[in-house]
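Quick notes on the structure that follows.
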Amino acid sequence: MIKQIHGRPVGRRLLPIFLFVCTFFLLWDRYGQIYPTAMIGTVRYRPSSYDASNAKVYFPVDDFKRPPVGVPKSFPTIQAPRTASAGPAANVSHARKQIIKSKIIKSWQAYKTYAWSKDELMPLSGRGRQTIGGWSAQIVDALDILWILDLKDDFRRAVERVAVIDWAAGKGSNIDLFEVNIRYLGGLLGAYELSGEPVLLIKAIELGDVIYSAFDTPNRLPARWLDLRRAKKGTQISSHDMPIATAGTFSLELTRLTQLTGDPKYYDAAERVKSFFHRFQNETAIPGLWPRTVNCRDETINGNLYTLGPGADSMYEYLPKMHALLGGLDHEYEQMTVHALDAARDHVLFRPMTANQEDILLAGNAVTTNGKITTIPETHHLTCYIGGMYGLAGKLLSRDDYLDLGFRLAAGCVWAYDAFASNIMPEIVQLVACTTLTGPCERAAETLPAGRRTRGFAALPDGFTRVRDKRYHLRPEAIESVFYMWRITGDEVWRDAAWRMWEGIARETETELAFASIEDVTVQASSKVDVMDTFWLSETLKYLYLIFEDESVLSLDEWVFNTEAHPIRRARGTR
Ligand code: DMJ
């Protein structure tokens, strides 16, 4: 017989008390004594509930590789002398900078109001969503732009949130390590470098240890996905179809973490990946390049698609940047840069056939079949970073031919922006390639006429044969290359190009709350998508802002940018 108190069963009466006690212990466990907080400077810090620095290592390293030591090389100056910023042009730039600043503030305010602590703001519905780990990606990604804009109260509030992130909370598995590295670790490092706020370095080390645990595989090449459960059990393996950008994009962040902490393990992890790529670079079907995916598990390379775009991009981007970060003391990065950029010039870059024979270039893909290499003249918005990459490498290595390629590549993406009704380049387009990168390139009678009409759809702009993906995701790459061209040349033509691109982007993507991706750049007033990726603030708006800011702010002679546009200080004594 069930006992009763005042006519109610005891069990039912005790249930609320039981729930209260459970909730109390859950919260206590999560936020209380077990993970106490401490003051780091004036910021309350809570350690992650999982301390990856003390985790069991199943595949230990005998002998950690260390960054090269010596006197950093004296590199040529990258930025143009500061004469271009005087006169009426300076007033125009100042006004433009203020406009960009106001849009950064608008985007950030909307995030704060509607999506605080979520990974992303949804700019149409005004909600938040979790996309990368659920650790407030937008806040970490925006830290450095808040600092650059001198928004100190916002920066402080953001740091306070970051100081209590728990890297073990949230999804826990299948988190894209590439994104964790470039957005979170890059964001923490960039903001620490600028502000010197100690808690940011502490959080960067915590996260660096989590990322490092993904290298605990039999051959010490990283797992593709962050999965703490597998890491704890020692069952991680590297991927047999690893996008080269995923494996190759730890170098800058992990090397800087070693430089800042003195702990060689982070650099060691990245160096082993570099050795793998270095070993095979000249043994692929296109010597100098790697296929888009490689087998990191068995350490073999077999693919036949070669691109500098999606899946591969920052693998290449980081080669000259690592050369700069290490002060030129590791010659392998210099060699790898030269081999890759020469091979890409010969097999991936193409000159589009246009009515006016513009002197521009774009990056396509290369496919290999039975030893034959075919260049495919299809370009992705994502590849538009390479103008900046060739420009930076041209300066660092004193290669005027790379500089020239960089100008023509950046101009190619500006041309593609100018070509469409929205003044924005689509995600993927196809064109016709000239037979060579230089010299005359006349359109033969049988090739496509200008303004070709495709099956009842709007006419395509001159030079384009197909728009394979019409969307614009608020991406930065074309503006990023224009930033490099502006800083390298000091020629106002690049600032004007950036402003034209901005006007198209602002007109087409601005919403009541912030800015949104759009469905179709081939028309004006396209329908919008409820997505504002974190790179909108961390990259697209940051590069735009820096184009109109004084050139001494984040000078390329002192900083390299990670692929999410977070600044990392170059080796001292390089000038
Ligand atoms: C960014 O997260 C980075 O630039 C990355 O390297 C490529 N894609 C996005 C922006 O488009």
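The values are calculated or read from the model by the stated rules, or taken from the named source; none is laboratory data. Since the model is a prediction, treat every value here as computed from it, not as a measurement. Here the Cβ is made from the backbone with ideal geometry for all residues, glycine too, and neighbour counts use every protein chain on show. With ligands, DNA and RNA removed, areas are computed over all heavy atoms of the protein, side chains included. Shrake-Rupley method; radii C 1.70, N 1.55, O 1.52, S 1.80 Å.
A few points about this structure:
- Of the residues making up segment 472-487, those that are among the basic types (Lys, Arg) and within 12 Å of the ligand (Cβ to nearest atom) number 1.
- Only one of the numbered conditions (1) of a type in the set (A, V, I, L, M); (2) within 16 Å of the ligand (Cβ to nearest atom); (3) open to solvent by less than 20 Å² (accessible area, probe 1.4 Å) is not met by residue 531, and that is (3).
- The single condition from (1) hydroxyl-bearing (Ser, Thr, Tyr); (2) in contact with a Phe, Trp or Tyr (Cβ under 9 Å, 6 or more places away or on another chain); (3) open to solvent by less than 30 Å² (accessible area, probe 1.4 Å) that residue 213 fails is (2).
- Complete set of residues in segment 491-517 that are open to solvent by less than 50 Å² (accessible area, probe 1.4 Å) and more than 18 Å from residue 127 (Cα to Cα): 492, 494, 495, 497, 498, 499, 501, 502, 504, 505, 506, 508
- Taken over segment 102-127, the criterion of being open to solvent by 10 Å² or more (accessible area, probe 1.4 Å) and not small (Gly, Ala, Ser) is satisfied by 103, 105, 106, 109, 112, 113, 114, 116, 118, 122, 124, 127.
- Unique residue being within 25 Å of residue 498 (Cβ to Cβ) and within 18 Å of the chain's Cα centre (by Cα) when the list is 143, 194, 177, 149: 143
- Counting only helices (runs of 4 or more DSSP H) wholly contained in segment 178-253, the ones carrying 2 or more residues that are within 21 Å of residue 54 (Cβ to Cβ) and without any contact (Cβ under 8 Å) to a residue 60 or more places away in the chain occupy 198-213, 228-233.
- Test: residue in segment 425-445 that is modelled with pLDDT of 95 or more, of a type in the set (Asp, Glu), part of a loop (DSSP other than H, G, I, E, B) and in contact with a His (Cβ under 6 Å, 6 or more places away or on another chain): yes
- Looking across segment 238-253, the residues that are surrounded by 16 or more Cβ atoms within 10 Å (Cβ to Cβ) and either more than 16 Å from the ligand (Cβ to nearest atom) or not polar (S, T, N, Q) (or both) come down to 238, 239, 242, 243, 244, 245, 247, 248, 250, 252, 253.
- Segment 149-177, residues that are open to solvent by 30 Å² or more (accessible area, probe 1.4 Å) and part of a helix (DSSP H, G or I): 152, 153, 156, 157, 160, 161
- Leading residue by the ranking (farthest from the chain's Cα centre (by Cα)) among those in segment 539-566 that are under 23 Å from residue 422 (Cβ atoms) and within 16 Å of the ligand (Cβ to nearest atom): 544
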